[in-house]
């Protein structure tokens with residue numbers, strides 16, 4: 001395809017030069033006829049021919065440069081079509097062609113990143129599904145072979161693993177809807193302090209089980225705001241569960257809410273070991289988790305997606321040995 005394109009461009013240039021030559025000859029003949037003598041006409045025609053030759057030379061160089069860059073783009077587009085998303089082209093030629101090459105390279109880079117993310121997601125989902133399915137299959141086969149009795153102990157294990165699968169599927173569905181912008185929020189007037197106390201009460205048993213003190217601190221001036229209470233509970237719940245998971249016995253987890261101008265700010269701070277290195281920048285990535293984490297690595301990514309769906313922002317700060325604080329803010333949107 002690239003060779004055919006260059007051949008067509010070359011044919012166009014030949015036709016163009018022939019046209020310029022014929023026009024120059026015609027001008028020389030007309031000028032000579034009008035002046036009644038051929039000497040001035042020839043001199044004028046030669047001057048015109050020189051000018052046309054310079055213009056044609058510049059046009060040919062420009063077309064040749066553009067044609068080469070365009071041919072590279074055509075060839076590169078074919079490679080991308082075949083699935084080679086690492087393809088890049090040199091940014092050369094006129095300004096417009098260079099801009100097109102930059103856009104093509106940016107497009108290829110996004111496609112390559114999306115393909116890597118897709119493969120990583122498939123690998124992570126496969127890994128997360130494999131464990132509960134293996135447990136379910138092993139117990140069922142053991143029962144069918146007579147190795148295990150079909151009693152409550154073994155059936156409870158199967159039931160719990162089906163719950164794990166159900167949570168994983170629902171988490172993936174929520175994350176997919178939120179990231180694609182298809183998640184529908186059902187906003188309603190919500191008492192945020194009451195919502196936080198409800199979520200904290202639901203996690204009180206978990207906190208007591210691991211010996212962690214759970215505190216709730218809410219500023220008294222917070223008004224009723226318009227938000228999706230179910231999704232907001234999910235965000236706060238995910239943050240609390242994550243904080244309780246990494247806070248050692250005797251530590252504290254504090255849930256607080258304050259007003260900052262036209263935004264409401266919610267914080268979950270723990271006294272755990274903290275997050276060091278580059279890990280703090282990856283905790284909101286799908287399936288990212290520490291080596292000793294029992295979770296699926298979807299809680300924080302879901303929280304981030306739900307906050308963004310509300311038009312808010314979320315961030316994390318941490319210092320090794322001094323705990324972690326995750327903060328998110330939402331537009332106030334006071335209920336009327």
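What follows draws every value from the coordinates through simple rules; no lab data is involved. For clarity, every value in this text was computed on a predicted model and none was experimentally measured. With ideal geometry, Cβ positions are generated from the backbone for all residues, glycine too; neighbour counts draw on all protein chains shown.
Overall, the ratio between the Cα radius of gyration of the stretch 188-331 and 2.2 N^0.38 Å, rounded to two decimals, is 0.99. In whole angstrom, note down how far apart the Cα centers of the stretch 146-220 and the stretch 250-269 are. Computed from Cα coordinates, the inter-centre distance equals 20 Å.
What is the Cα radius of gyration of the stretch 105-207 over 2.2 N^0.38 Å, N being its residue count? Before the final figure, lay out the partial values.
On the way: Rg = 20.6 Å, N = 103, 2.2 N^0.38 = 12.8 Å.
For the stretch 105-207, the normalised Cα radius of gyration is 1.61.
When each of the peptides 269-277, 224-232, 180-188, 108-116 is scored by the mean number of other C-beta atoms lying within 10 Å of its residues, the order from highest to lowest reads 224-232, 269-277, 108-116, 180-188. Modelled spin-label separation between residue 115 and residue 141, with each label point placed 7 Å from Cα along the Cα-to-Cβ direction: 3.6 nm. The listed peptides 245-258, 156-169, ordered by packing as a protection proxy, come out as 245-258, 156-169 (highest mean of other Cβ atoms within 10 Å first).
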